[in-house]
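The next block holds one structure in the form of structure tokens; read it before the comments.
The values are calculated or read from the model by the stated rules, or taken from the named source; none is laboratory data. Predicted model, so just to flag it, every value in this text is computed and none were measured. Using ideal geometry, Cβ is built from the backbone for each residue, glycine included, and neighbour counts are taken over all protein chains shown. What goes into the accessible areas is simple: the full protein's heavy atoms, side chains included, and nothing from ligands, DNA or RNA. Shrake-Rupley method; radii C 1.70, N 1.55, O 1.52, S 1.80 Å.
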Amino acid sequence: MVEYLMQRSVTFVAESVVLDDGLEVQASDHPYDIIAYLIDEFATTKRNLFSRVSEWLLSDKREDKIDDFSQEMEINGFWSIDKREAIVQTLLKNVDLKNEFHCDMKFYSADELAQHVPTCKYRSMTCQNEGCYAKYSISQMENHDSVCPYKMIPCEQKCSASLMRRVMDRHCITVCPMKLVNCPFYSVGCKSAIPQCKIEEHRSSDFHSHLLYILQGIHKEASVEVLRKRVEQLLQKYSSKLANIRDLRSLTYKVKDLDAKLGPLKVCATNEVDVATKTAGKLQILEASDTNKVTEKGAETRVVGFEAKPQSLEVTPTNKDSIEAVKAEIKDLKQNSSH
């Protein structure tokens with residue numbers, strides 16, 4: 001395979017690739033993609049000869065398997081890393097068509113080369129992050145540092161911790177004190193998402209709201225304004241008994257108990273308010289209609305610029321009866337709401 005890659009990399013040029021659907025696209029000129037393409041090409045031609053190697057060379061998890069294979073070779077002393085690096089350098093020079101990853105300068109003496117090496121932007125270096133042994137040219141240092149899994153970085157959720165990039169996701173969704181969680185009173189209506197470390201602060205600052213949510217579950221027909229007054233009554237009389245309760249179940253039981261001790265709630269249900277409003281509106285319409293009625297048959301009404309058609313209206317005692325009935329209805333509603 002090495003011999004094939006060496007020979008093929010010398011003759012390789014960025015070719016057009018024809019896809020299965022007939023579309024033609026330009027092949028990538030990045031060295032990594034070129035070497036991957038050549039390995040695929042080699043594995044395909046030799047599939048029948050060593051199908052097992054070809055299978056993992058062509059698989060989606062090829063990179064992981066290659067890493068495992070490399071470690072196994074290193075442990076067994078087979079195909080040492082020095083030999084592999086020498087092969088990689090040769091392949092890179094062959095396929096780095098844009099000279100982005102290797103130095104193409106030539107020197108006529110060892111002294112000239114020795115003077116150039118310390119300042120060459122392609123000189124090799126090893127990552128300084130603890131646990132990372134990656135090697136790259138110094139020109140790629142920033143690129144590697146931005147993705148190095150062993151780089152120590154501040155927590156993405158702004159907690160005080162600094163940790164390796166490779167464990168950041170696990171930290172953020174498990175032990176990070178700034179992880180967002182639902183309010184403990186989420187099930188009764190508080191939909192706030194708060195940092196885990198600020199739950200107690202939220203409980204204290206939103207205590208009134210939490211009591212209101214609990215009372216809404218107890219008195220489902222009561223208006224919000226009535227329940228807010230009930231919250232104030234509870235806090236004025238039983239603040240010390242409620243302040244130290246932290247969990248939803250215990251606070252709900254305690255609120256039910258103390259709410260019962262305050263006596264029946266004077267409920268002004270929303271639907272009763274709506275009925276009273278509509279009834280009052282009906283009364284105004286009837287009174288206006290009674291005042292403005294035309295009392296003579298065939299009366300002719302004239303408006304400046306327009307002439308209305310003669311209307312025939314009869315006066316009956318119906319309107320007076322209706323007005324009295326609506327007034328009685330409003331009186332009953334007021335009496336019921338006062339109880």
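Take the residues of segment 205-219 that are out of contact with any Leu (no Cβ under 9 Å at 6 or more places or on another chain) and not polar (S, T, N, Q): which is surrounded by the fewest Cβ atoms within 10 Å (Cβ to Cβ)?
GLY217
Out of segment 205-234, which residues are outside any helix (DSSP H, G or I) and either touching a residue at least 60 places away in the same chain (Cβ under 8 Å) or among the basic types (Lys, Arg) (or both)?
Result: LYS220, single match.
State whether the residues of segment 192-207 include one that is in contact with a Ser or Thr (Cβ under 8 Å, 6 or more places away or on another chain) and hydrophobic (A, V, I, L, M, F, W, C).
no
Would you pick out the residues in segment 114-130 that are surrounded by 11 or more Cβ atoms within 10 Å (Cβ to Cβ) and over 15 Å from GLN89 (Cβ atoms)?
Hits for segment 114-130 are GLN115, HIS116, CYS127, GLN128, ASN129.
Against the condition open to solvent by 50 Å² or more (accessible area, probe 1.4 Å), under 30 Å from ILE194 (Cβ atoms) and in a loop (DSSP other than H, G, I, E, B), how does GLU100 come out, does it pass?
No; evaluated as a whole, the condition is false for this residue.
For ASP82, state whether it is open to solvent by 90 Å² or more (accessible area, probe 1.4 Å), at pLDDT below 70 and part of a helix (DSSP H, G or I).
no
Out of LYS256, LYS261, LYS237, which single residue is free of Cβ contacts under 8 Å to residues at least 24 places away in the same chain and either loosely packed, with under 15 Cβ neighbours inside 10 Å or under 20 Å from PRO184 (Cβ atoms) (or both)?
Within the list LYS256, LYS261, LYS237, the selection yields LYS261.
Tell me which of these ALA243 doesn't satisfy, since it passes every other one: (1) over 30 Å from MET125 (Cα atoms); (2) loosely packed, with under 14 Cβ neighbours inside 10 Å; (3) at pLDDT 95 or above.
Result: ALA243 fails condition (3) only.
Within the set of pairs 6+ apart or on separate chains, which have a first residue in segment 157-170 that is within 14 Å of ASN129 (Cα to Cα), a second that is assigned to a strand (DSSP E or B) and open to solvent by less than 70 Å² (accessible area, probe 1.4 Å), and C-beta atoms under 6 Å apart?
ARG165/ILE153
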